[in-house]
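The structure appears below as structure tokens.
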Amino acid sequence: MIRLGALAVGLLFVLNVLWGAVQPREAEAPNMAEELHKHPKQMVWAHNGPGNLGIFGTFDRAQLQRGFQVYKEVCSACHSINRVAFRDLADLGYTEAQIKTIAAEYEVATIDSNGEPTTRKATGADKFPLVYANEAAARAAQNGANPPDLSLMTKARHDGVNYVYSLLTGYSDDVPKGWNKPETSYYNPYFHSINIAMPPPLAADGQVTYADGTAATTDQYAKDVTAFLTWTAEPKLENRKETGVAVILFLIIMTGLGYLSYRKVWADVKKA
Amino acid sequence: MASEVRQATADNLEPGGERRRDFLYVATAAFAGAGVVPVAWSLVNQMNPSADVLALASVDLDLSALQPGQAIKAAWRGKPIFARHLTPEEIAESNKVDVASLRDPQSLADRTKPGNEQWLITLGVCTHLGCVPLGAAEGEAKGDFGGYFCPCHGSHYDAAARIRKGPAPKNLEVPPYTFKSPTAVTIG
Amino acid sequence: MSFPWAKQYQPTSAVGQWMDERLPLARFVYGALGPGYPTPKNLNAFYNFGVLAGVALVIQIITGVVLAMHFAADTRVAFDSVEHIMRDVNGGWMIRYMHAVGASFFFGVVYIHIFRGLYYGSYKPPREVLWMLGLVIFLLMMATAFMGYVLVWGQMSFWGAQVITGLFSALPVVGPSIQTWLLGGFSPDNATLNRFFSLHYLLPFVTFGVIILHVWALHIPGSNNPTGVDVKSEADTVPFHPYYTAKDFVGLGVYLIVFAAFVFFMPNSLGEPDNYIPANPLSTPALIVPEWYFWPFYAILRAFTSDFLGVPAKLWGVIGMFASILLLFVLPWLDQSPVRSNNYRPLSRILFWVFVAVALGLGVCGGKPAHEPWVRLSQVLTAYYFAHFLIILPIVSKLEKTSPLPNSISEAVLAKYGKTGGGAPVAQPAE
């Protein structure tokens, strides 16, 4: 009985779903954006360690500081890194005094003694303030676009680290024939919808002057700021990998000992 | 070809076999047990103050607007701080008291920084059961000794915030602080 | 209940004796996971996964309780509190990654556990209730995992909540009201987040309770084994401790190594990047996909694309998805073969591997956008999924000519030993 019922139910589902399968499909309009879209360039990063495998490797502190400089002088005009606190900059190798100075360049909201909203200089305990108070303010100021917060950007996109670098270096004036690009947008095949509202941020060599003598090229800027944004998204990256190596070594030894014990325990059964 | 399990008992092991096994088992268990320690520690440590809480562990206080006789309240580590600008009379009065007669014997100098005896900075937490004493704000009761008065159970503190009467066992606690300038301190 | 040769707990101290007469907890553990549980001696590595699933749940509960100490179930700050855990809480990043990766691993382990049960016929009499309790655990896990994913309040959390509760809106008449009731509003919002947090905290403990029933039900008939042949004598079994505790310890070690590799070196590889974008009710991600462990069921949901018998396609999808899991409850009565293990069922064995391939194929389809060829492929695979359990298996199990079974587990072990050892002649089972 139960099997007859099952047979009936089974036939119902099978015929139903196969009926759907044989329905004609509407021809999908060719999606030019999909064809133009490019996967991120695969780059080698200091924090990925030997072989770019991501098992070892630490951030290049000097690079992070340069990246922070690029962020501050270029990106921060429109993009916040609101999840990063000034105190976190100690990870980049800044001293407490330097952090204080950096923080003091920013204003954060507070209330004065009369209860009126005002601002004060930021301290190490504060986070980087938002550039725009809210999305509406951002869109009003940015021609309808909303520059996203960059704190987590390298984790919020597929292959995010390479994506950010590719996006920054992927602008092209070479718009393919037949591609519809509005005047207010820019052509960037690494962006999901190809047309991006952000003007090329790293436009010219020499735009940012590095104190440490590193070549001031747009490519270098892109690498440095990408490394910096990798850190903002995953500040515990080094700690994570160090812990991981220790944990796995421990587990391998533990499992090895466990295996020997297992062999001993089972020796008289296997002999049978 | 019997296939029954031979139980691991002493009498079917070769001489010395049991000890070797025991060592291996103990070593395995001990090694695995050692791994429990860091795991347990990370479960304990996550309850310690987080980085953002620690970052707020020090506050800057500006005393420049504080006239003699006035006091301000601030917050440090989630607790009230009383900063009091003592008048010369209060200082003289406090120094007259026989320290040995106090419940918690401390002189005013013990409770202030050298050269800055007029600035008395204490926690605003009664040492009895943790209420916030009155006396820091304008018009609040200052108690029988002209300092602070805790309304919960009637503890009276003098101008140096020393316990003089009531159930509190200790003087109001002085937090760690340093003068950054004559009228600016960092607490914590 | 146990086999007559099961060892009985003997308190070794006066305190143990005193306690045993009042609360025989030690006796219970001794009989459940200790020397007092005679276990077939031929269990292979796939039998490790039951214990591993238990460990995975414990890891989830411990890390989850810790995360709940720092998480704030409020739509304005939920995402921030997760990042607070990642950045500021001492070791918080590790605990959160363990919880997130742990969910995936829990499902991975449970899927292997389920497929092991399917292959060796562990759902067959007398283990039907054991099997059904396992399915209850699986359903509880799915609900828990879904609600936990929403708590992050990222883009995929929000839209996942929207889409999954939207399934209920397919029900005729009452559907929309049910969705509104589930959400506590007209779209996922604070009410949704708070109730999901409450239930996400509760359900793992319910699951734990069902696991105790699951283990209880296991100990009545005892463990199945790769031959599917019943235990006949003491020679067929070994005490669970130390034999299987030692073996499970090795399995656990290997599991933890793989787990740690993900937690520490690719913690985000199993998740969707979109969930690192805070929830935005006004902007849908380009592709809404659940976590990988829901992909096969998501593929079945989307495979029903045509109205059929006057029922709209959307409702069929929901019915199909639920049916795909619920039909497993009647599996013990669909499969009529007296032989449990697929080792002795040549035709069923092939069908089993076809089914594995179909399930994996559905998984792939579920993670893809709803375009061709993925839709047609998922439709064909879905058809097989239902046909496999509801049509093919009942018929094949009735007609199939099975291979001769060994007389006992011991005999099967000996035969294997003889083959691999290649040494002295041993008594071969009649084959």
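Figures for the structure shown
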item	result
Unique match (being exposed (fewer than 14 other Cβ atoms within 10 Å of the Cβ), closer than 26 Å to C:Arg87 by Cα and outside the structural domain of A:Met43 (by TED's automatic domain parsing)) among A:Lys121, A:Lys127, A:Lys100	A:Lys121
Test: residue in the stretch A:167-183 that is within 14 Å of chain C (Cβ to nearest Cβ) and in contact with a helix residue (DSSP H, G or I) (Cβ under 7 Å, 6 or more places away or on another chain)	no
Where a residue in the stretch A:248-270 is at the interface with chain C (Cβ under 9 Å from one of its Cβ atoms) and its partner, wherever it lies, is among the small types (Gly, Ala, Ser) and outside any helix (DSSP H, G or I), with Cβ under 9 Å and at least six apart	A:Lys264/B:Ala8; A:Val265/B:Ala8; A:Val269/B:Ser3
Boolean, B:Val99 is modelled with pLDDT of 90 or more and not aromatic (Phe, Trp, Tyr)	no
Test: residue in the stretch C:325-336 that is buried (at least 18 other Cβ atoms within 10 Å of the Cβ), within 9 Å of chain A (Cβ to nearest Cβ) and over 17 Å from A:Val17 (Cβ atoms)	yes
Residue that is nearest to C:Tyr120 (Cα to Cα) [pool: residues in the stretch C:226-238 that are buried (at least 20 other Cβ atoms within 10 Å of the Cβ) and either within 14 Å of another protein chain (Cβ to nearest Cβ) or of a type in the set (Val, Ile, Thr) (or both)]	C:Thr227
Total residues in the stretch C:1-24, condition outside any helix (DSSP H, G or I), more than 17 Å from C:Pro35 (Cα to Cα) and of a type in the set (S, T, N, Q)	1
Which listed residue, of A:Gln207, A:Gln220, is part of a loop (DSSP other than H, G, I, E, B) and among the polar types (S, T, N, Q)	A:Gln207
Elements of type helices (runs of 4 or more DSSP H) contained in the stretch A:85-179, each with 3 or more residues being closer than 30 Å to A:Pro189 by Cβ	A:135-141, A:160-169
Some residue of the stretch C:275-291 being at negative phi, more than 11 Å from chain A (Cβ to nearest Cβ) and of a type in the set (Ser, Thr, Tyr)	yes
Lone unmet requirement of (1) assigned by TED's automatic domain parsing to the domain that holds A:His192; (2) exposed (fewer than 15 other Cβ atoms within 10 Å of the Cβ); (3) not aromatic (Phe, Trp, Tyr) for A:Glu135	(1)
In the stretch C:74-117, the residues that are basic (Lys, Arg), more than 28 Å from the chain's Cα centre (by Cα) and surrounded by 20 or more Cβ atoms within 10 Å (Cβ to Cβ)	C:Arg87
Which numbered condition C:Asn343 misses (of (1) within 11 Å of chain A (Cβ to nearest Cβ); (2) under 30 Å from C:Val229 (Cα atoms))	(1)
Matching entry among A:Glu34, A:Glu26 (being within 11 Å of chain C (Cβ to nearest Cβ) and in a helix (DSSP H, G or I))	A:Glu34
Residues of the stretch B:134-159 that turn out to be assigned to a loop (DSSP other than H, G, I, E, B) and either out of contact with any Ser or Thr (no Cβ under 6 Å at 6 or more places or on another chain) or modelled with pLDDT of 90 or more (or both), as a count	15
Residue among A:Phe13, A:Phe59 that is within 11 Å of chain C (Cβ to nearest Cβ) and modelled with pLDDT of 90 or more	A:Phe13
When residues of the stretch A:52-67 are limited to those that are over 17 Å from A:Ala222 (Cβ atoms) and in a loop (DSSP other than H, G, I, E, B), the one nearest to the chain's Cα centre (by Cα)	A:Gly54
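Let's see how each residue does on (1) surrounded by 22 or more Cβ atoms within 10 Å (Cβ to Cβ); (2) not aliphatic (A, V, I, L, M):
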| position | (1), (2) |
| --- | --- |
| B:Ile121 | yes, no |
| B:Val125 | no, no |
| B:Leu134 | no, no |
| B:Gly146 | no, yes |
| B:Ser155 | yes, yes |
| B:Arg162 | yes, yes |
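The values are calculated or read from the model by the stated rules, or taken from the named source; none is laboratory data. Every value quoted in this text rests on a predicted model; they were computed, and no experiment measured them. When we count neighbours, we look across all protein chains shown, and the Cβ atoms used for this are built from the backbone with ideal geometry, even at glycine.
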